[in-house]
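For reference, the structure discussed in these notes is given below.
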């Protein structure tokens, strides 16, 4: 059974910002990034326990090809994404969201 995946407002803004950035760097790269994140979100929806816990109850799912991780919590009825985070950024930023 697949769980719905909900992105918090800040996570959605990070995600959309990264798509726009990659697209501005090279046409089509934003779509490639969007696809890479969507693959991770689909895996999370279908097997939410697959990825390791990074901190407390927050799990970390890396994307392929791009230096981003999806940080999320598994709830009984949904998955809540708290960050779509570039790996070079200070992790204290996403950790403060918990």
*Within the range 22-30, is even one residue at pLDDT below 95 and surrounded by 12 or more Cβ atoms within 10 Å (Cβ to Cβ)?*
no
_Give me the strands (runs of 3 or more DSSP E) completely within the range 36-90, filtered to those with at least 1 residues that are modelled with pLDDT of 95 or more and within 17 Å of residue 1 (Cα to Cα), ordered by residue number._
68-74, 79-86
*Flag for residue 85 being in contact (Cβ under 8 Å) with a residue 40 or more places away in the chain and in contact with a strand residue (DSSP E or B) (Cβ under 9 Å, 6 or more places away or on another chain)*: yes
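State all residues of the range 1-35 that are under 13 Å from the mean Cα position of the chain (by Cα) and within 16 Å of residue 64 (Cα to Cα); if no residue qualifies, say none. Quick ask: steps written out before the conclusion?
The initial filter retains those residues of the range 1-35 that are under 13 Å from the mean Cα position of the chain (by Cα), namely 5-19, 33-35.
Result: 15, 18, 19, 33, 34, 35.
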*Qualifying positions in the range 17-35 - closer than 20 Å to residue 94 by Cα and out of contact with any helix residue (DSSP H, G or I) (no Cβ under 9 Å at 6 or more places or on another chain)*: 17
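The values are calculated or read from the model by the stated rules, or taken from the named source; none is laboratory data. Note that this is a predicted model, so its numbers are computed, not measured. Neighbour counts run over all protein chains shown; Cβ positions are idealised from the backbone, glycine included.
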